[in-house]
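One structure is given here, and the rest of the page talks about it.
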Amino acid sequence: MKKLIIINGPMGVGKTSVGKFLCEKIIKSAYINADWCLYINPFVMNEETVKIYFDNVIYLAKSYIKCSECDYIILSSCLDNEKYNLIVKELDTKIDIHHIMLMCNEETLTERWKNDTEAGWRDDEGLKWSINSFNAFKNKTNYSLLIETNKKNINEVVEEIMNKII
């Protein structure tokens, strides 16, 4: 049975890095970075663009599910419960879905964010939003695996996921 691995959590917690590395480690896998499913300039989130975002995520996931070369589909995204349920509802129920929540403390997030800002990937404003979103992610209960990424490197996080799912 094909497996969909959804990597969720606040911005900056490491979803993209973990998703890419996990895809490199798992044979017959595909990676969807949901950030790229709505990459427009200027960046605008409204009813129209949110629909485009979800249509693109669902289209890519369904395409990989149908692909004989893919046994694992890895999706990284910031999803609230409503958006998570929307994606899962639209996908084939004959797949095994694993919802992984990555979390870290504020100190770790700030350090990672600083590195990303120096690399030109993020700005300081997004850090405030991400920290403010912590409680919403901490209150989620619909995940199958919670991984605290504090003091863990990417290899340790990926190994933990692989040991639980593969």
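The values are calculated or read from the model by the stated rules, or taken from the named source; none is laboratory data. This is a predicted model, so every value here is computed, not measured. We place every Cβ from the backbone using ideal geometry, glycine too, and count neighbours over all the protein chains shown.
Looking only at segment 74-94, residues that are β-branched (V, I, T) and under 12 Å from the mean Cα position of the chain (by Cα) come to 1 in all. Considered as a group, the residues in segment 138-153 that are modelled with pLDDT of 85 or more and buried (at least 17 other Cβ atoms within 10 Å of the Cβ) include one that is nearest to I97 (Cα to Cα), and that residue is Y143. Residues that are crowded, with 21+ Cβ neighbours inside 10 Å, on the phi > 0 side of the Ramachandran plot, of a type outside the set (S, T, N, Q) and touching a residue at least 40 places away in the same chain (Cβ under 8 Å) do occur in segment 14-25, at least one of them. Residue count for segment 62-86, restricted to those that are modelled with pLDDT of 90 or more and either touching a helix residue (DSSP H, G or I) at 6+ places or on another chain (Cβ under 7 Å) or at positive phi (or both): 6.
Okay, residues lined up against (1) among the basic types (K, R); (2) over 17 Å from G19 (Cβ atoms):
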residue	(1), (2)
E48	no, yes
K51	yes, yes
D71	no, no
L75	no, no
L86	no, yes
K94	yes, yes
N105	no, yes
T108	no, yes
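Residues that are within 23 Å of M162 (Cβ to Cβ) and modelled with pLDDT under 90 do not occur anywhere in segment 95-107. Of the helices (runs of 4 or more DSSP H) lying entirely inside segment 122-165, those containing at least 3 residues that are under 16 Å from the mean Cα position of the chain (by Cα) and closer than 15 Å to G14 by Cα span 154-165. Within the bounds of segment 154-165, is there any residue that is polar (S, T, N, Q), surrounded by 15 or more Cβ atoms within 10 Å (Cβ to Cβ) and more than 20 Å from D35 (Cα to Cα)? No: zero hits.
Is one or more of the residues making up segment 48-61 under 20 Å from I166 (Cα atoms), crowded, with 17+ Cβ neighbours inside 10 Å and touching a helix residue (DSSP H, G or I) at 6+ places or on another chain (Cβ under 9 Å)? The answer is yes; a qualifying residue exists. The residues of segment 105-139 that are in contact (Cβ under 8 Å) with a residue 12 or more places away in the chain and hydrophobic (A, V, I, L, M, F, W, C), listed by number, are L109, W113, L127, W129, I131, F134, A136, F137.
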